[in-house]
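Peer 1: Once you've had a glance at the structure underneath, I'll fire off some questions.
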Amino acid sequence: MLPLSTPIKRRIVDDFAKLSGRHDDPRMYGGPAGDPGLIGAGSVSWEVNGDIASVAVAGVPAIVLEIMHPSVIAGVQDLSSYRDDPFRRARTTLGYVLGTTFGNTEAATGLIERVKRVHARINGTRPDGVPYRALDPELIAWVHTCIPWMIMSAFERYRRPLSPRERDRYLSEQAVIGRMGGADSVPESMAELDDFVERMRPKLGVNEQTREFFEFLLTAPFGPSLPASLDRAAHRLAVHAGMSLAPAWARRLTGFDHSALAQVALVEPYLRLDTRSLRWAFGTPPHLAMARERAEAGAAGRVREAPARLRPAVPAAG
């Protein structure tokens, strides 16, 4: 007889997959024995992005920070199908993070190139008359940076603190992916991240298109069916919880700020339950298990050396 925990775990995994997809394709995460992929099994990225709970709760704040740039939200509103398929962005974003971090070299590189081809078709004019193009290196850098920035914030709050050297290594490893995606300059350290965010802040804001997307976040069918009033309250808690990982200026600007009491009484219990239940249900996620098996088959613990034109300056592990 199966233990009671088995169907509960299966239900958690299945519910997560309905929103974010099943990331267990051996063509992506399997592959040639010893292939470490774009980053490698000895990296900080494999530990941080291997924590499915941290990646999951980072999704909302990463997306909200991205669309605070008026050119990003213009592209989303003009060409995205999120209204017709509310789960598609979550699936593709998570798939990109996991595929580029844990996929074999050929599959991960192919994924990046496919996304670049899609972005090449996204061009237009914002409501304020400013032209935009999705392959603008600065936009690519901003969208890229928001993802590891928020994942690292979630990991440090709900998994373990990282040392200053580990933070810098993580950003440096992830920068390889950002540059391959079309960014000219991507933060490779906490100091560079702080400088980059400060440079970008004057360009960020909330407009009518952003507010429309926020309304989508508060009403899209992300969870179990609930009465309308309770459903909106549940959505609002989820968005506020995710945004608690973002800096205070972003919370204030988007309207997703809340009191310290709400943080202690509602947000922290919600996020701690969410992250713990996801880790408990998944154990070792299939994408991580396949990537480890592939890499360790011939190159246990070795971090891939990227081509010179892409390689970040990664300090030795302390």
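Peer 1: Please work out which one of (1) surrounded by fewer than 23 Cβ atoms within 10 Å (Cβ to Cβ); (2) touching a residue at least 24 places away in the same chain (Cβ under 8 Å) is the condition residue 14 fails and give its number.
Peer 2: (2)
Peer 1: Right, here's the next one. Within the stretch 139-174, can you find the residues that are within 15 Å of the chain's Cα centre (by Cα), of a type in the set (Ser, Thr, Tyr) and either surrounded by fewer than 23 Cβ atoms within 10 Å (Cβ to Cβ) or not in a helix (DSSP H, G or I) (or both)?
Peer 2: 153
Peer 1: If you don't mind, there's one more thing I want to ask. Looking only at residues in the stretch 184-195 that are under 18 Å from the mean Cα position of the chain (by Cα) and in a helix (DSSP H, G or I), which one is surrounded by the fewest Cβ atoms within 10 Å (Cβ to Cβ)?
Peer 2: Going through the qualifying residues, I end up with 190.
Peer 1: Just checking, which of 208, 198 is loosely packed, with under 15 Cβ neighbours inside 10 Å and free of Cβ contacts under 8 Å to residues at least 12 places away in the same chain?
Peer 2: Going through 208, 198 in turn, just one is loosely packed, with under 15 Cβ neighbours inside 10 Å and free of Cβ contacts under 8 Å to residues at least 12 places away in the same chain: 198.
Peer 1: So which of 253, 266, 273, 261 ends up being closer than 22 Å to residue 93 by Cβ and assigned to a helix (DSSP H, G or I)? Before the answer, list the steps.
Peer 2: Numbers: 266 fails: closer than 22 Å to residue 93 by Cβ; 273 fails: closer than 22 Å to residue 93 by Cβ; 261 fails: closer than 22 Å to residue 93 by Cβ.
Going through 253, 266, 273, 261 in turn, the sole match is 253.
Peer 1: Which one is farthest from the chain's Cα centre (by Cα), of the residues in the stretch 111-138 that are surrounded by fewer than 15 Cβ atoms within 10 Å (Cβ to Cβ) and in a helix (DSSP H, G or I)?
Peer 2: That would be 117.
Peer 1: Now a separate question. Out of all the residues in the stretch 281-296, is one or more touching a strand residue (DSSP E or B) at 6+ places or on another chain (Cβ under 8 Å) and either at pLDDT below 95 or outside any helix (DSSP H, G or I) (or both)?
Peer 2: yes
The rows are residues; the columns are (1) of a type in the set (Gly, Ala, Ser); (2) in contact with a His (Cβ under 8 Å, 6 or more places away or on another chain); (3) at pLDDT below 95.
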| site | (1), (2), (3) |
| --- | --- |
| 20 | yes, no, yes |
| 27 | no, no, no |
| 52 | no, no, no |
| 94 | no, yes, yes |
| 106 | no, no, no |
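Per-residue answers, yes or no, for (1) surrounded by 15 or more Cβ atoms within 10 Å (Cβ to Cβ); (2) at positive phi:
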position: 7; (1), (2): no, no
position: 21; (1), (2): yes, yes
position: 42; (1), (2): yes, no
position: 63; (1), (2): yes, no
position: 100; (1), (2): yes, no
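Peer 1: Output the number of the condition that residue 229 fails; it satisfies all remaining conditions of (1) part of a helix (DSSP H, G or I); (2) surrounded by fewer than 16 Cβ atoms within 10 Å (Cβ to Cβ); (3) modelled with pLDDT of 65 or more.
Peer 2: Exception for residue 229: condition (3).
Peer 1: Among the numbered conditions (1) farther than 20 Å from residue 23 by Cα; (2) within 16 Å of the chain's Cα centre (by Cα), tell me where residue 79 comes up short.
Peer 2: For residue 79, the exception is condition (2).
Peer 1: I'd like to verify a number: residues in the stretch 158-181 that are of a type in the set (Lys, Arg) and in contact with a Phe, Trp or Tyr (Cβ under 9 Å, 6 or more places away or on another chain), how many?
Peer 2: The qualifying residues number 0.
Peer 1: From the residues in the stretch 263-288 that are surrounded by fewer than 15 Cβ atoms within 10 Å (Cβ to Cβ) and among the hydrophobic types (A, V, I, L, M, F, W, C), which one is nearest to residue 10 (Cα to Cα)?
Peer 2: Only one residue tops the list, namely 280.
The values are calculated or read from the model by the stated rules, or taken from the named source; none is laboratory data. In this text the structure is predicted, and so the values were computed from the model without any measurement. Heads up, the Cβs are rebuilt from the backbone with ideal geometry, glycines too, and the neighbour counts pull from every protein chain shown.
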